[in-house]
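To start, the structure itself, in structure tokens.
The values are calculated or read from the model by the stated rules, or taken from the named source; none is laboratory data. Just so we're clear, the structure is a prediction, and the values are computed from it rather than from any experiment. Counting neighbours? That spans all protein chains shown, and the Cβs are built from the backbone with ideal geometry, glycine included. We work out accessible area using only protein heavy atoms, side chains counted, and drop any ligands, DNA or RNA first. Shrake-Rupley method; radii C 1.70, N 1.55, O 1.52, S 1.80 Å.
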Amino acid sequence: LGMTIASFIALLVGVFIIFNTFSISVNQRWKEIGVLRALGVARPNVQRMYLVEATAMGIIGSVLGVFAGLYLARGAARLMAEIAASIYSFVSTPEPPIFRWDFALTAFGLGLITSLIAAWLPARAASRLNPVLALHNIETRQRESVLGKGRIALSLLMILTGLAFIRFAPLRVGLTIQFSYLALITFGLILLLPKLSQLMARAMRPIMDRIFGTEGVLAVDAMIQSPRRTSATVGALMIGLMFVFSIAAYVESYERTVTDWMDRMLNADLFITTSEMARSRTYHFSEEFSRKVASVPGVKRIENVRFMFVPYADDTVALLSFEMDGWFARVRDVIEGGDAEKARQMASAGDGVIVARNFTARWGLGVGDVLRLKSPTGPFEKPIVGIIEDYTSEKGAIFMDRSLLRRYWNDDSVDILDVNLKEGVDRAAFKTELQRTIKDEHRAFIYTNDEYKRWIVELIDGFFVLNYMQMAIAVLVATLGIVNTLIISVAERKRELGILRALGGLRSQIRRMILLEAVAIAVIGVATGAIAGALNTYFLVRTAAAMIGGYTIPYRFPFWLILVTLPIVTLIALLAGWWPARRAVNLRVVEAIGYE
């Protein structure tokens, strides 16, 4: 689902960039278009000319994108293999990515359609260009209109409808139609963006006037007069930053939730594992080894944990078995579904099992239902006596007493030892002593509580590495949008800039005006990106988390990230505005203000 959202965002950013690119093309070729129209070329043919050009660019870009994607898939495959090894202890020989023609054709089609959609409005504008004005060296730019009340109402309705679905619609694991909730909100924001950009630009006008004077006012006025052009670049920034803010917020929300869960559930002093990846598929501890560790001075209690995956309903789920009585003595208030005392008694006696909440969400079971599994000795049927919030596996987890594992699976092996120390025993010192005790006799990896939790958090971060890469690409592409917009702004205001220079405007003032326009675009982009990011985060923590693993994650939005992002995006905008500002400074005054 994360890849789907990233692809959706990448397509939207691409639409904005292509739109601005063709807008530049129309602006730079308006005299050529005027000549064609004066010679009798019909409007549909002018529009068709640009759409054919968009088709050619879409074909070339899509072909290059398919092969670039295949190349990037090599690195992604290695990364995901490392993550799979860390989580599932599954290690395999790396294989090159398989080229799928169906995926390639889908990507090719999406690229071509995106190019045509983005080029349609500029092509339509070119076909409607006034040939009389186009044949003169005067500005053809007119004051753009923004959305009417009807479209504003429609955009607000789309946003509110998407939020209502997220809040009130039943959550279903794996039901991808719920992705439409985010699409409604995103398209509503895009539809509202011209008006939103204009309102924010008007709000910035007195601030820019006070801080930067006339140059600041002129920079913001250019955005106010051209809200549609501005919104195209702001939209690219908004979508890119929405991805940045929402993914960062989701990661922070998920990590803090998992940290709270670890504090409640993983509160043993030390953890001893069979692999540096927490568990091994082939090597296990024996109960004899567990007794040896328990005999080391300073140990209060040992809990033997067996962690494996078992088939369930044409899929697999995590199965964890340990001494339930010791586990209940260590944890507090973990049973969220069912009677806690009854669940403790039945689970400890082997008369029932406890399941994770995401297991019940995925498979539609609850307290009192009978869990049926296939075991080596025959059918396993035990009632579900309790539900806990757990993040061991996105497929769900089942917890049972070790006596059941021995009886039904004939398995008494151990994957993880939860070591609880006596009061006053130093964890680090005991770890050193234990390493010396088992050296040359057993292969084991020993973690203190803090080390084990840190390893889990690092593992979570690894899941989002690909998303971080896509975030960087999205911001980079949005930066190109700023360059495009400022080039259009300079070209459309060529005569205006020439007049300012003729009236005594300094080159430094012109440069400053263009750069300030870039800064204003960046500020509005960050503001709208924060709004979109906050809404997208709501979708991720509620709907997307349930779609992926049946989880519910508390909403947390890192407002500090906005303050960190603003100067970074502003700096990027200034760098992006350097070349358009240079073009504006080097305009020849006579040519800029001349008529034909």
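Table for the structure above
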item	result
Segment Leu171-Leu156, length gained on full extension (0.36 nm per residue, minus Cα span)	3.0 nm
Potential lengthening between Trp560 and Leu72 on full extension [0.36 nm per residue; Cα-Cα distance subtracted]	172.5 nm
Partners for Lys453 among lysines (Cα-Cα distance below 30 Å; same-chain residues under 8 apart left out)	Lys292, Lys300, Lys395, Lys422, Lys431, Lys439
Over the stretch 278-350, volume per residue of the alpha carbon convex hull, in Å³	144 Å³
Loop-resident sites, the stretch 263-327, for chymotrypsin sites (Phe, Trp or Tyr not before Pro), counting at most 13 other Cβ within 10 Å (DSSP)	Tyr283
Pairwise label distance in nanometres, Asp315 with Trp578, each label 7 Å out on the Cα-Cβ vector	5.1 nm
Accessible surface of Asp325 - all protein chains present, 1.4 Å probe, nearest 10 Å²	100 Å²
Estimated FRET transfer efficiency (Glu458, Ile499; beta-carbon r; R0 60 Å; 0.05)	0.50
Those aspartates and glutamates that a straight Cα-Cα span of less than 12 Å connects to Lys195, excepting residues fewer than 8 apart in one chain	Glu144
Heavy-atom SASA rank of Leu266, Leu503 (probe 1.4 Å, accessible area, largest first)	Leu503, Leu266
Inverse of mean 1/r across different Cα pairs in the stretch 229-304, Kirkwood, Å	17.0 Å
Pair Arg436, Arg256: separation of 7 Å Cα→Cβ label points (nm)	4.3 nm
FRET efficiency for Glu336 and Arg301, using Cβ-Cβ distance with R0 set to 25 Å, rounded to 0.05	0.50
Whole-Hz couplings from phi, Karplus 6.51/-1.76/1.60, listed for the stretch 388-395; x for Gly and Pro	10, 7, 9, 10, 5, 8, 6, 8
Two-decimal ratio, the stretch 244-403, of alpha-carbon radius of gyration to 2.2 N^0.38 Å	1.10
Extension gain (nm, one decimal) between Glu276 and Lys374, 0.36 nm per residue minus Cα-Cα	32.3 nm
Computed E for Arg48/Lys149 - FRET, C-beta separation, R0 35 angstrom, nearest 0.05	0.55
Simple label model, 7 Å out from Cα along Cβ direction - Ala294 to Phe187, nm	6.2 nm
